[in-house]
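Colleague: Submitted below is the structure of interest, expressed as structure tokens.
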Amino acid sequence: MTSGTLFIRAWRIVAILGFLVSLFSSYISYPEEVAVRFDDTNRAIQYINRETLFYVSIAIFLISLMSLRALGRMFPRVPSDSLPIPNQAEWAAHRPQLNTVFINWFYALTAAITTILALGLFVLSLLNQSARTVRFIDYGGLLPVCTAIIIIVLAALPIRLFMKPSADE
């Protein structure tokens, strides 16, 4: 197992555990109606029921986890000549390594979605605490961080495919 594979699998496990901890701890701390949108004066202008938020979060998590895992399991069955990848002839000669690259990418995408869900639930929990005042500094970095996570994961696959397969595997 390569260090990249180990990192991605560890990230996926930590992200799932973080999501579950964030989901249940935030559910306990949410009021019955959770504020999800605020105006310029930091007053809540849109609410959603806490059970709805809980079940929608679980649905997004399960759908992304199951569908990306299914795609990862189906990828090895796709013929090498029908894959639109750079260096196709070289990758076809190293098909097990190509399968590992794609399966790791699907796992990384799952981990990214789960991490973003966990961060979102955590920040929403902070915003709905009655003892705290809502400040931009509390959650202002969430969008750039989430965007960076998605861009890094999405860009990792094409970058890896433009590289040549390693000869040692």
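Colleague: Being in contact with a Ser or Thr (Cβ under 7 Å, 6 or more places away or on another chain) and modelled with pLDDT of 90 or more is the filter here, so list the residues in region 29-68 that pass it.
Modeller: Once the filter is applied, which keeps residues that are in contact with a Ser or Thr (Cβ under 7 Å, 6 or more places away or on another chain) and modelled with pLDDT of 90 or more, region 29-68 yields 61, 64, 65, 68.
Colleague: Any idea how many residues of region 112-134 are surrounded by fewer than 16 Cβ atoms within 10 Å (Cβ to Cβ) and assigned to a loop (DSSP other than H, G, I, E, B)?
Modeller: Residues flagged as surrounded by fewer than 16 Cβ atoms within 10 Å (Cβ to Cβ) and assigned to a loop (DSSP other than H, G, I, E, B) within region 112-134 amount to 5.
Colleague: Does residue 109 satisfy the criteria of being crowded, with 18+ Cβ neighbours inside 10 Å, in contact with a Cys (Cβ under 7 Å, 6 or more places away or on another chain), modelled with pLDDT of 85 or more and not small (Gly, Ala, Ser)? Steps first, answer last, please.
Modeller: Values: crowded, with 18+ Cβ neighbours inside 10 Å: yes; in contact with a Cys (Cβ under 7 Å, 6 or more places away or on another chain): no; modelled with pLDDT of 85 or more: yes; not small (Gly, Ala, Ser): yes.
Against the criterion (crowded, with 18+ Cβ neighbours inside 10 Å, in contact with a Cys (Cβ under 7 Å, 6 or more places away or on another chain), modelled with pLDDT of 85 or more and not small (Gly, Ala, Ser)), residue 109 does not qualify.
Colleague: Only residues in region 51-71 that are within 17 Å of residue 8 (Cα to Cα) count as the first member; pair them with residues that are open to solvent by less than 80 Å² (accessible area, probe 1.4 Å), Cβ under 6 angstrom, at least 6 apart or cross-chain, and list the lot.
Modeller: The qualifying pairs are 64/113; 65/110; 68/106; 68/109; 68/110; 71/106.
Colleague: Restricting to region 81-94, count the residues that are surrounded by 14 or more Cβ atoms within 10 Å (Cβ to Cβ), over 27 Å from residue 12 (Cα atoms) and among the hydrophobic types (A, V, I, L, M, F, W, C).
Modeller: Qualifying residue count, region 81-94: 1.
Colleague: Looking at 78, 101, 153, can you tell me which residue is at pLDDT 85 or above, open to solvent by 40 Å² or more (accessible area, probe 1.4 Å) and out of contact with any strand residue (DSSP E or B) (no Cβ under 8 Å at 6 or more places or on another chain)? Step through it out loud before you land on a result.
Modeller: Numbers: 101 fails: open to solvent by 40 Å² or more (accessible area, probe 1.4 Å); 153 fails: open to solvent by 40 Å² or more (accessible area, probe 1.4 Å).
From the options 78, 101, 153, the qualifying one is 78.
Colleague: Can you tell me which residue within region 3-38, out of those that are of a type in the set (Val, Ile, Thr), in a helix (DSSP H, G or I) and within 15 Å of residue 121 (Cβ to Cβ), is least open to solvent (accessible area, probe 1.4 Å)?
Modeller: Only one residue fits best here, namely 16.
Colleague: Is there a residue in region 53-68 that is surrounded by 14 or more Cβ atoms within 10 Å (Cβ to Cβ), in contact with a strand residue (DSSP E or B) (Cβ under 8 Å, 6 or more places away or on another chain) and not in a helix (DSSP H, G or I)?
Modeller: The answer is no, given that none of the residues of region 53-68 is surrounded by 14 or more Cβ atoms within 10 Å (Cβ to Cβ), in contact with a strand residue (DSSP E or B) (Cβ under 8 Å, 6 or more places away or on another chain) and not in a helix (DSSP H, G or I).
The values are calculated or read from the model by the stated rules, or taken from the named source; none is laboratory data. Bear in mind the structure is a predicted one, so any value in this text is a computation, not a measurement. Cβ sites come from the backbone with ideal geometry, for glycine too, and all protein chains shown count toward neighbours. Protein only, heavy atoms only, side chains kept; ligands, DNA and RNA dropped before computing areas. Shrake-Rupley method; radii C 1.70, N 1.55, O 1.52, S 1.80 Å.
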